[in-house]
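S.K.: Right, I'll just put the structure down here and ask away after.
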Amino acid sequence: MKLLIAVTHLLGTGHLSRALTLGRAFGAAGHQVFLISGGMPAPQLNHDGLNTLNLPPLRSDGVDFTRLLDENGQAATPEYLSARTAALCTALRQFEPDIIITELFPFGRRILSAEFTAFLDTAATLPKAPMILSSIRDILAPPSKPAKAEKAEQIIAQHYSGVLVHSDPALTPLEVSWPITPALRAKLHYTGYVAPPPSGPHPEGAGHGEVLVSAGGGSVGTPIYRAALGAAALTPDLYWRLLVGGKDAAERIASLRGAHNLANVALEKARPDFRQMLYHAAASVSMCGYNTALDLLQAGTPSVLVPFDDGNEVEQGLRAESLAREPAMEVLRSGELSPEALAASVRQVARQPRQTGSTGQFDGATRSVEIVETLLGSEP
(Lines give C-alpha, C1' and ligand atoms only; values in the text may rest on other atoms or scores of the structure.)
Protein backbone atom coordinates (compact mmCIF):
# COMPACT_ATOMS: atom_id res chain seq x y z
CA MET A 1 0.00 0.00 0.00
CA LYS A 2 1.20 3.51 -0.87
CA LEU A 3 0.25 6.17 1.67
CA LEU A 4 0.55 9.95 1.32
CA ILE A 5 0.20 12.14 4.42
CA ALA A 6 -0.31 15.88 3.91
CA VAL A 7 0.26 18.10 6.96
CA THR A 8 0.88 21.80 7.56
CA HIS A 9 1.63 23.01 11.09
CA LEU A 10 1.25 26.76 11.49
CA LEU A 11 2.07 27.57 15.13
CA GLY A 12 3.45 24.67 17.17
CA THR A 13 4.75 21.38 15.80
CA GLY A 14 2.15 19.00 17.25
CA HIS A 15 0.41 18.24 13.96
CA LEU A 16 3.69 17.37 12.28
CA SER A 17 4.84 15.27 15.23
CA ARG A 18 1.66 13.21 15.13
CA ALA A 19 1.88 12.80 11.35
CA LEU A 20 5.47 11.56 11.64
CA THR A 21 4.44 9.02 14.27
CA LEU A 22 1.65 7.78 12.01
CA GLY A 23 4.02 7.58 9.04
CA ARG A 24 6.54 5.49 10.96
CA ALA A 25 3.79 3.08 12.05
CA PHE A 26 2.69 2.54 8.45
CA GLY A 27 6.30 2.13 7.37
CA ALA A 28 6.91 -0.45 10.10
CA ALA A 29 3.90 -2.39 8.77
CA GLY A 30 5.59 -2.63 5.36
CA HIS A 31 3.76 0.16 3.57
CA GLN A 32 5.35 2.85 1.38
CA VAL A 33 4.93 6.26 3.02
CA PHE A 34 5.35 9.73 1.56
CA LEU A 35 4.90 12.66 3.96
CA ILE A 36 4.44 16.20 2.59
CA SER A 37 4.99 18.95 5.15
CA GLY A 38 3.97 22.56 4.57
CA GLY A 39 5.05 24.12 7.88
CA MET A 40 8.31 25.58 9.10
CA PRO A 41 11.28 23.20 9.49
CA ALA A 42 11.26 21.30 12.80
CA PRO A 43 14.70 19.66 13.09
CA GLN A 44 14.06 18.66 16.72
CA LEU A 45 11.49 16.10 15.55
CA ASN A 46 12.37 12.59 14.41
CA HIS A 47 12.11 12.32 10.62
CA ASP A 48 14.13 9.09 10.39
CA GLY A 49 13.00 6.45 7.92
CA LEU A 50 10.42 8.57 6.13
CA ASN A 51 10.38 9.89 2.58
CA THR A 52 9.41 13.54 2.98
CA LEU A 53 8.84 16.61 0.84
CA ASN A 54 8.93 20.11 2.31
CA LEU A 55 6.75 22.64 0.55
CA PRO A 56 7.65 26.35 0.63
CA PRO A 57 6.92 26.76 4.35
CA LEU A 58 4.21 28.77 6.04
CA ARG A 59 3.45 29.82 9.58
CA SER A 60 0.68 31.84 11.16
CA ASP A 61 1.22 35.37 12.39
CA GLY A 62 1.21 34.32 16.03
CA VAL A 63 -2.31 33.25 16.91
CA ASP A 64 -3.75 35.10 13.92
CA PHE A 65 -4.50 32.17 11.66
CA THR A 66 -6.03 34.46 9.04
CA ARG A 67 -2.59 35.83 8.14
CA LEU A 68 0.04 33.50 6.70
CA LEU A 69 3.75 34.31 6.71
CA ASP A 70 6.44 32.85 4.46
CA GLU A 71 9.83 31.52 5.47
CA ASN A 72 11.17 35.08 5.78
CA GLY A 73 8.37 36.26 8.02
CA GLN A 74 6.69 38.25 5.24
CA ALA A 75 3.05 38.00 4.24
CA ALA A 76 2.69 35.04 1.88
CA THR A 77 1.97 36.29 -1.63
CA PRO A 78 -0.47 34.66 -4.07
CA GLU A 79 2.56 33.53 -6.11
CA TYR A 80 4.12 31.88 -3.03
CA LEU A 81 0.86 30.06 -2.25
CA SER A 82 0.47 29.00 -5.88
CA ALA A 83 3.98 27.51 -5.85
CA ARG A 84 3.02 25.42 -2.81
CA THR A 85 -0.15 24.16 -4.47
CA ALA A 86 1.69 23.28 -7.68
CA ALA A 87 4.40 21.37 -5.79
CA LEU A 88 1.80 19.52 -3.72
CA CYS A 89 -0.28 18.45 -6.70
CA THR A 90 2.77 17.47 -8.76
CA ALA A 91 4.02 15.25 -5.96
CA LEU A 92 0.58 13.66 -5.68
CA ARG A 93 0.44 12.84 -9.38
CA GLN A 94 3.95 11.37 -9.35
CA PHE A 95 3.40 9.21 -6.25
CA GLU A 96 -0.13 7.95 -7.10
CA PRO A 97 -1.03 6.81 -3.57
CA ASP A 98 -3.60 4.22 -2.62
CA ILE A 99 -4.45 6.18 0.54
CA ILE A 100 -4.31 9.88 1.36
CA ILE A 101 -4.45 11.21 4.92
CA THR A 102 -4.93 14.94 5.48
CA GLU A 103 -3.95 16.08 8.94
CA LEU A 104 -6.70 18.29 10.48
CA PHE A 105 -8.33 19.40 7.21
CA PRO A 106 -11.27 19.91 6.69
CA PHE A 107 -11.92 20.41 10.42
CA GLY A 108 -9.25 23.10 10.43
CA ARG A 109 -6.73 24.83 8.15
CA ARG A 110 -9.58 26.70 6.47
CA ILE A 111 -7.07 29.39 5.48
CA LEU A 112 -5.53 26.73 3.18
CA SER A 113 -8.84 25.58 1.69
CA ALA A 114 -7.82 26.52 -1.85
CA GLU A 115 -4.65 24.44 -1.57
CA PHE A 116 -6.43 21.43 -0.11
CA THR A 117 -9.30 21.69 -2.61
CA ALA A 118 -6.85 21.63 -5.53
CA PHE A 119 -5.14 18.65 -3.88
CA LEU A 120 -8.40 16.72 -3.47
CA ASP A 121 -9.54 17.57 -7.00
CA THR A 122 -6.20 16.34 -8.37
CA ALA A 123 -6.57 13.08 -6.43
CA ALA A 124 -9.88 12.47 -8.20
CA THR A 125 -8.12 12.61 -11.59
CA LEU A 126 -5.53 9.92 -10.83
CA PRO A 127 -5.73 6.66 -12.80
CA LYS A 128 -7.00 5.00 -9.63
CA ALA A 129 -8.71 7.37 -7.23
CA PRO A 130 -7.17 6.94 -3.75
CA MET A 131 -9.13 6.46 -0.54
CA ILE A 132 -9.02 9.73 1.42
CA LEU A 133 -9.12 9.99 5.20
CA SER A 134 -8.86 12.87 7.66
CA SER A 135 -6.69 12.60 10.76
CA ILE A 136 -7.64 14.65 13.83
CA ARG A 137 -6.60 14.90 17.47
CA ASP A 138 -8.79 14.37 20.52
CA ILE A 139 -10.03 17.97 20.81
CA LEU A 140 -10.59 20.40 17.96
CA ALA A 141 -11.01 24.15 17.93
CA PRO A 142 -14.81 24.37 18.13
CA PRO A 143 -16.35 26.02 15.06
CA SER A 144 -17.20 29.66 15.74
CA LYS A 145 -20.18 29.48 13.38
CA PRO A 146 -22.46 26.58 12.41
CA ALA A 147 -21.58 27.23 8.77
CA LYS A 148 -17.98 26.17 9.40
CA ALA A 149 -19.04 22.77 10.71
CA GLU A 150 -21.51 22.41 7.85
CA LYS A 151 -18.83 23.20 5.26
CA ALA A 152 -16.44 20.66 6.80
CA GLU A 153 -19.14 18.00 6.69
CA GLN A 154 -19.88 18.79 3.03
CA ILE A 155 -16.21 18.26 2.17
CA ILE A 156 -16.14 15.02 4.16
CA ALA A 157 -19.24 13.77 2.35
CA GLN A 158 -17.82 14.64 -1.08
CA HIS A 159 -14.23 13.43 -0.76
CA TYR A 160 -13.60 11.37 2.39
CA SER A 161 -14.15 7.73 3.26
CA GLY A 162 -13.52 8.22 6.96
CA VAL A 163 -12.07 10.24 9.83
CA LEU A 164 -9.37 8.88 12.14
CA VAL A 165 -10.00 10.35 15.60
CA HIS A 166 -6.88 9.98 17.73
CA SER A 167 -8.59 9.73 21.07
CA ASP A 168 -10.29 7.39 23.51
CA PRO A 169 -14.05 7.97 23.14
CA ALA A 170 -14.59 6.94 26.76
CA LEU A 171 -12.41 9.86 27.89
CA THR A 172 -12.73 12.50 25.16
CA PRO A 173 -15.40 11.87 22.53
CA LEU A 174 -15.24 14.23 19.57
CA GLU A 175 -18.54 15.87 20.49
CA VAL A 176 -16.77 17.56 23.41
CA SER A 177 -15.44 20.05 20.88
CA TRP A 178 -17.27 19.49 17.57
CA PRO A 179 -20.95 19.04 16.57
CA ILE A 180 -21.57 15.48 15.41
CA THR A 181 -24.36 14.60 12.99
CA PRO A 182 -25.41 11.00 12.30
CA ALA A 183 -23.74 11.15 8.87
CA LEU A 184 -20.44 12.29 10.35
CA ARG A 185 -20.60 9.81 13.23
CA ALA A 186 -20.84 6.96 10.71
CA LYS A 187 -17.43 7.95 9.33
CA LEU A 188 -15.59 8.28 12.66
CA HIS A 189 -12.95 5.70 13.59
CA TYR A 190 -11.46 6.11 17.08
CA THR A 191 -7.87 4.93 17.16
CA GLY A 192 -6.73 5.67 20.69
CA TYR A 193 -3.99 8.22 21.28
CA VAL A 194 -1.15 8.52 18.78
CA ALA A 195 2.14 8.61 20.63
CA PRO A 196 5.57 7.21 19.89
CA PRO A 197 6.62 4.32 22.12
CA PRO A 198 7.70 5.44 25.60
CA SER A 199 11.23 6.75 25.35
CA GLY A 200 12.32 5.39 28.70
CA PRO A 201 14.77 7.16 31.01
CA HIS A 202 17.65 9.22 29.68
CA PRO A 203 20.85 7.14 29.43
CA GLU A 204 22.80 9.93 31.12
CA GLY A 205 20.08 10.91 33.58
CA ALA A 206 19.71 14.36 32.03
CA GLY A 207 17.15 16.51 33.80
CA HIS A 208 17.51 14.71 37.14
CA GLY A 209 15.83 16.66 39.92
CA GLU A 210 15.17 19.66 37.66
CA VAL A 211 12.06 21.66 36.87
CA LEU A 212 11.74 21.38 33.08
CA VAL A 213 9.94 24.31 31.48
CA SER A 214 8.82 23.90 27.87
CA ALA A 215 6.31 25.39 25.46
CA GLY A 216 6.35 23.08 22.45
CA GLY A 217 8.23 23.60 19.21
CA GLY A 218 6.72 26.93 18.17
CA SER A 219 7.50 30.54 18.99
CA VAL A 220 5.07 30.85 21.89
CA GLY A 221 5.24 30.53 25.65
CA THR A 222 7.17 33.68 26.57
CA PRO A 223 4.83 34.43 29.53
CA ILE A 224 5.52 30.95 30.89
CA TYR A 225 9.28 31.42 30.59
CA ARG A 226 9.17 34.82 32.26
CA ALA A 227 7.02 33.48 35.09
CA ALA A 228 9.47 30.59 35.46
CA LEU A 229 12.38 32.99 35.85
CA GLY A 230 10.50 34.79 38.60
CA ALA A 231 9.58 31.49 40.25
CA ALA A 232 13.21 30.36 40.11
CA ALA A 233 14.21 33.48 42.05
CA LEU A 234 11.73 32.45 44.75
CA THR A 235 12.99 28.83 44.88
CA PRO A 236 16.80 28.89 45.03
CA ASP A 237 16.78 25.23 46.16
CA LEU A 238 15.27 24.12 42.80
CA TYR A 239 17.11 24.00 39.49
CA TRP A 240 15.04 25.24 36.54
CA ARG A 241 15.82 24.35 32.93
CA LEU A 242 13.97 26.39 30.29
CA LEU A 243 13.78 24.71 26.85
CA VAL A 244 12.84 27.27 24.19
CA GLY A 245 11.46 26.25 20.79
CA GLY A 246 10.76 28.01 17.52
CA LYS A 247 12.80 29.41 14.65
CA ASP A 248 13.66 32.46 16.77
CA ALA A 249 14.76 30.41 19.79
CA ALA A 250 18.25 31.97 19.90
CA GLU A 251 16.86 35.50 20.01
CA ARG A 252 14.28 34.62 22.66
CA ILE A 253 16.91 32.92 24.80
CA ALA A 254 19.12 35.99 24.58
CA SER A 255 16.22 38.20 25.67
CA LEU A 256 15.35 35.94 28.59
CA ARG A 257 18.97 35.62 29.62
CA GLY A 258 19.26 39.39 29.76
CA ALA A 259 16.43 39.47 32.28
CA HIS A 260 18.14 37.37 34.97
CA ASN A 261 21.46 36.29 36.41
CA LEU A 262 20.24 33.32 38.45
CA ALA A 263 22.59 30.46 39.24
CA ASN A 264 19.70 27.97 39.42
CA VAL A 265 18.46 28.53 35.84
CA ALA A 266 19.63 27.06 32.52
CA LEU A 267 18.36 28.40 29.19
CA GLU A 268 18.72 26.40 25.97
CA LYS A 269 16.96 25.43 22.76
CA ALA A 270 14.33 22.68 22.72
CA ARG A 271 16.05 19.30 22.86
CA PRO A 272 15.31 16.06 20.99
CA ASP A 273 15.90 14.11 24.23
CA PHE A 274 13.20 16.04 26.11
CA ARG A 275 10.94 12.99 26.44
CA GLN A 276 13.73 11.04 28.12
CA MET A 277 14.50 13.92 30.48
CA LEU A 278 10.91 13.88 31.76
CA TYR A 279 11.56 10.57 33.53
CA HIS A 280 14.11 12.26 35.79
CA ALA A 281 12.57 15.69 36.33
CA ALA A 282 11.26 16.82 39.69
CA ALA A 283 8.45 18.55 37.82
CA SER A 284 7.41 19.78 34.38
CA VAL A 285 5.92 23.16 33.52
CA SER A 286 4.35 23.23 30.07
CA MET A 287 1.36 24.03 27.95
CA CYS A 288 -1.11 21.25 27.25
CA GLY A 289 -0.83 20.34 23.59
CA TYR A 290 -1.75 16.84 22.47
CA ASN A 291 1.79 15.47 22.19
CA THR A 292 3.07 17.12 25.37
CA ALA A 293 0.15 15.73 27.36
CA LEU A 294 0.89 12.20 26.15
CA ASP A 295 4.60 12.60 26.90
CA LEU A 296 3.81 13.61 30.47
CA LEU A 297 1.37 10.75 30.99
CA GLN A 298 3.81 8.17 29.63
CA ALA A 299 6.66 9.41 31.82
CA GLY A 300 4.50 9.96 34.92
CA THR A 301 6.07 13.39 35.47
CA PRO A 302 4.56 15.68 38.15
CA SER A 303 3.24 18.54 36.05
CA VAL A 304 1.95 22.08 36.11
CA LEU A 305 -0.14 22.68 32.99
CA VAL A 306 -0.57 26.22 31.64
CA PRO A 307 -2.98 25.70 28.72
CA PHE A 308 -2.48 27.95 25.71
CA ASP A 309 -5.49 30.26 25.40
CA ASP A 310 -4.33 33.19 23.27
CA GLY A 311 -6.74 34.22 20.53
CA ASN A 312 -9.68 32.54 22.30
CA GLU A 313 -8.12 29.10 21.89
CA VAL A 314 -9.96 26.54 24.06
CA GLU A 315 -8.49 23.20 22.94
CA GLN A 316 -5.71 23.01 25.52
CA GLY A 317 -7.97 24.20 28.31
CA LEU A 318 -10.43 21.38 27.66
CA ARG A 319 -7.61 18.86 27.62
CA ALA A 320 -6.05 20.25 30.81
CA GLU A 321 -9.38 19.95 32.62
CA SER A 322 -9.49 16.24 31.88
CA LEU A 323 -5.85 15.74 32.90
CA ALA A 324 -6.34 17.61 36.17
CA ARG A 325 -8.09 14.47 37.44
CA GLU A 326 -4.77 12.61 37.18
CA PRO A 327 -2.48 12.45 40.24
CA ALA A 328 0.34 15.02 40.48
CA MET A 329 -1.09 17.30 37.80
CA GLU A 330 -2.27 20.85 38.37
CA VAL A 331 -3.71 23.43 36.01
CA LEU A 332 -2.64 27.07 36.19
CA ARG A 333 -4.61 29.26 33.80
CA SER A 334 -2.73 32.01 31.97
CA GLY A 335 -4.76 34.65 33.80
CA GLU A 336 -3.51 33.21 37.09
CA LEU A 337 0.10 32.85 35.98
CA SER A 338 2.61 34.66 38.17
CA PRO A 339 6.00 33.77 39.67
CA GLU A 340 4.40 33.22 43.05
CA ALA A 341 1.58 31.03 41.74
CA LEU A 342 3.94 28.98 39.57
CA ALA A 343 6.42 28.42 42.40
CA ALA A 344 3.60 27.25 44.69
CA SER A 345 2.17 24.91 42.04
CA VAL A 346 5.57 23.37 41.31
CA ARG A 347 6.13 22.80 45.02
CA GLN A 348 2.70 21.16 45.28
CA VAL A 349 3.09 18.65 42.43
CA ALA A 350 6.72 17.86 43.28
CA ARG A 351 5.66 16.78 46.78
CA GLN A 352 3.22 14.22 45.45
CA PRO A 353 4.27 10.61 44.80
CA ARG A 354 5.69 10.18 41.32
CA GLN A 355 3.52 8.10 39.03
CA THR A 356 4.80 5.04 37.20
CA GLY A 357 3.41 6.24 33.89
CA SER A 358 -0.06 5.89 32.42
CA THR A 359 -1.27 2.66 30.88
CA GLY A 360 -3.82 4.47 28.70
CA GLN A 361 -4.49 3.85 25.01
CA PHE A 362 -1.26 5.00 23.39
CA ASP A 363 -1.26 2.53 20.49
CA GLY A 364 -3.24 4.83 18.20
CA ALA A 365 -0.67 4.72 15.42
CA THR A 366 -0.74 0.92 15.23
CA ARG A 367 -4.52 0.91 15.48
CA SER A 368 -4.68 3.49 12.67
CA VAL A 369 -2.75 1.13 10.40
CA GLU A 370 -5.18 -1.69 11.20
CA ILE A 371 -8.21 0.52 10.53
CA VAL A 372 -6.85 1.79 7.21
CA GLU A 373 -5.91 -1.71 6.06
CA THR A 374 -9.44 -2.91 6.89
CA LEU A 375 -11.07 0.03 5.11
CA LEU A 376 -8.93 -0.46 2.01
CA GLY A 377 -9.61 -4.19 2.00
CA SER A 378 -13.36 -3.63 2.22
CA GLU A 379 -13.45 -1.44 -0.89
CA PRO A 380 -15.20 -3.06 -3.89
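S.K.: Going by what's in this entry, would Pro106 be described as in contact with a His (Cβ under 9 Å, 6 or more places away or on another chain) and outside any helix (DSSP H, G or I)?
M.R.: yes
S.K.: For the stretch 308-380, list the helices (runs of 4 or more DSSP H) that sit wholly inside it and hold at least 2 residues that are open to solvent by 20 Å² or more (accessible area, probe 1.4 Å), among the polar types (S, T, N, Q) and modelled with pLDDT of 90 or more; which are they?
M.R.: Those helices (runs of 4 or more DSSP H) span 364-377.
S.K.: Another question about this same structure. Quick one: which of Arg93, Arg84 is crowded, with 16+ Cβ neighbours inside 10 Å, of a type in the set (D, E, K, R) and either modelled with pLDDT under 95 or not in a loop (DSSP other than H, G, I, E, B) (or both)?
M.R.: On the way: Arg93 fails: crowded, with 16+ Cβ neighbours inside 10 Å.
Result of the check over Arg93, Arg84: Arg84.
S.K.: Here is a list of conditions, (1) of a type in the set (A, V, I, L, M); (2) more than 26 Å from His202 (Cβ to Cβ); (3) at pLDDT 90 or above, and Ala282 meets all of them except one; can you say which number that is?
M.R.: For Ala282, the exception is condition (2).
Okay, residues lined up against (1) buried (at least 18 other Cβ atoms within 10 Å of the Cβ); (2) in contact (Cβ under 8 Å) with a residue 24 or more places away in the chain:
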residue	(1), (2)
Pro146	no, yes
Ala157	no, yes
Val163	yes, yes
Pro169	no, no
Trp178	yes, yes
His208	no, yes
Leu212	yes, yes
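S.K.: OK, next. Working only within the stretch 1-37, note down all residues that are among the β-branched types (Val, Ile, Thr) and either without any contact (Cβ under 8 Å) to a residue 40 or more places away in the chain or within 15 Å of Asp48 (Cβ to Cβ) (or both).
M.R.: Thr21, Val33
S.K.: Restricting attention to the stretch 204-215, does a residue exist that is part of a helix (DSSP H, G or I) and under 25 Å from Ser135 (Cα atoms)?
M.R.: Among the residues of the stretch 204-215, not one is part of a helix (DSSP H, G or I) and under 25 Å from Ser135 (Cα atoms), which makes the answer no.
S.K.: Does the stretch 283-305 include one or more residues that are surrounded by fewer than 14 Cβ atoms within 10 Å (Cβ to Cβ), assigned to a loop (DSSP other than H, G, I, E, B) and polar (S, T, N, Q)?
M.R.: Applying the first criterion (surrounded by fewer than 14 Cβ atoms within 10 Å (Cβ to Cβ)) to the stretch 283-305 yields none.
No: the stretch 283-305 contains no residue that is surrounded by fewer than 14 Cβ atoms within 10 Å (Cβ to Cβ), assigned to a loop (DSSP other than H, G, I, E, B) and polar (S, T, N, Q).
S.K.: Would you tally the residues in the stretch 175-197 being modelled with pLDDT under 95 and not small (Gly, Ala, Ser)?
M.R.: 6
The values are calculated or read from the model by the stated rules, or taken from the named source; none is laboratory data. Please read these numbers as outputs of a predicted model, since none were measured by experiment. All Cβ positions, even for glycine, are placed from backbone atoms using ideal geometry, and neighbour counts span all protein chains on display. Keep in mind that these areas ignore ligands, DNA and RNA; they rest on the heavy atoms of the full protein, side chains included. Shrake-Rupley method; radii C 1.70, N 1.55, O 1.52, S 1.80 Å.
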